[in-house]
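The values are calculated or read from the model by the stated rules, or taken from the named source; none is laboratory data. Please read all numbers here as calculations on a predicted model, not as lab measurements. Heads up, the Cβs are rebuilt from the backbone with ideal geometry, glycines too, and the neighbour counts pull from every protein chain shown. For the accessible areas, the whole protein counts, side chains as well, though only heavy atoms, and no ligand, DNA or RNA atoms are used. Shrake-Rupley method; radii C 1.70, N 1.55, O 1.52, S 1.80 Å.
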Amino acid sequence: MRCAAIQMRSGIDVAANITAMDKLVRDAAADGAQYIQTPEMTGLLQKDRKALMAAIKPDQDDLVLGIAASLAKELNIWLHIGSTPILLEGGKVANRAALFSPQGIRAATYDKIHMFDVDLDNGESWRESAVYEPGEATQIVQAGEMTLGLAICYDVRFPNIFRDQALAGANVLTTPAAFTRQTGEAHWHVLQRARAIENGAYVIAAAQGGTHEDTRETYGHSIIVDPWGTVLAEKADDIPGYIIADIDISKSVEARKKIPNLKNARPYRVETQHTE
């Protein structure tokens, strides 16, 4: 199954972001992609809370999700919106992913579970939990030959989600992201490859890249990794575009036979020793 990851530089204008997404999705589909993933916050990257709340809409009225459903049907593809902000009741926001089938039907919805509440060395400070409502359930869905596990960005630092997805049958893990430049330079590649190796699964990670209109900087480097940890495709920069690779699910089966760590795991306890 030919898969693509779209790299974007989403800004503060939803319509402009949709136009950019539309073009890149069409380009990837014309290149033979049957599954196409967009990055986290495809529809809007806006760190000003007041402006964010003024721009977003409830799920049923969201323009990105509406266009995505139409695109999936028109192009006969699986289209995975890595995430986009969705207005919830009570003044909160969901960081929401959605997967659309080639019939234009939504096959899965996932709200990001782990909130990016961090203080970085360069003075960057993020508190996603001040605005976003965390999700409560991981999602696994069949997409053609692939069994996808859905996750978003910061989730990649919580390996148990991916282990649980793999144990439940997922052979392709997804981590669409808007990684900061600082954390991306330090950890992006090793985290994506580690999740693939640990679980004998493909990892597809579409990314935001570059300096955005709201002044944040993201790392880019969208990547597709095979179950042995080999990088099959990488957008080795922060410029908008796409990457593409062929996914062979039998490679996941092979990797799990060679190193059956999913089967070999054993229960254990943690013992703490106290000394005086």
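Computed values, structure above
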item	result
Conditions (1) open to solvent by 30 Å² or more (accessible area, probe 1.4 Å); (2) within 30 Å of Ser250 (Cα to Cα); (3) of a type in the set (Phe, Trp, Tyr): number failed by Phe116	(2)
Subset of region 131-146 that is free of Cβ contacts under 8 Å to residues at least 60 places away in the same chain and of a type outside the set (A, V, I, L, M, F, W, C) - its residue that is most open to solvent (accessible area, probe 1.4 Å)	Glu136
Residue among Ala178, Ala194 that is farther than 20 Å from Ile247 by Cβ, of a type in the set (Gly, Ala, Ser) and open to solvent by 10 Å² or more (accessible area, probe 1.4 Å)	Ala178
Given (1) closer than 17 Å to Ala233 by Cβ; (2) surrounded by fewer than 24 Cβ atoms within 10 Å (Cβ to Cβ), index of the condition Gly220 fails	(2)
Hits in region 214-248 - residues which are at pLDDT 95 or above and out of contact with any strand residue (DSSP E or B) (no Cβ under 8 Å at 6 or more places or on another chain)	Trp228, Gly229, Thr230, Ala236, Asp248
Hey, Val253 over 18 Å from the mean Cα position of the chain (by Cα), surrounded by fewer than 22 Cβ atoms within 10 Å (Cβ to Cβ), among the aliphatic types (A, V, I, L, M) and closer than 21 Å to Ile140 by Cα or not	yes
Complete set of residues in region 28-58 that are buried (at least 16 other Cβ atoms within 10 Å of the Cβ) and charged (D, E, K, R)	Glu40, Lys57
Qualifying residue in region 154-171 (condition: modelled with pLDDT under 95, open to solvent by less than 50 Å² (accessible area, probe 1.4 Å) and under 11 Å from the mean Cα position of the chain (by Cα))	yes
Subset of region 224-247 [within 19 Å of Ala194 (Cα to Cα) and acidic (Asp, Glu)]	Asp226, Glu234
Filtered residues of region 86-101 (kept if more than 14 Å from the chain's Cα centre (by Cα), open to solvent by 20 Å² or more (accessible area, probe 1.4 Å) and closer than 14 Å to Leu65 by Cα)	Leu87
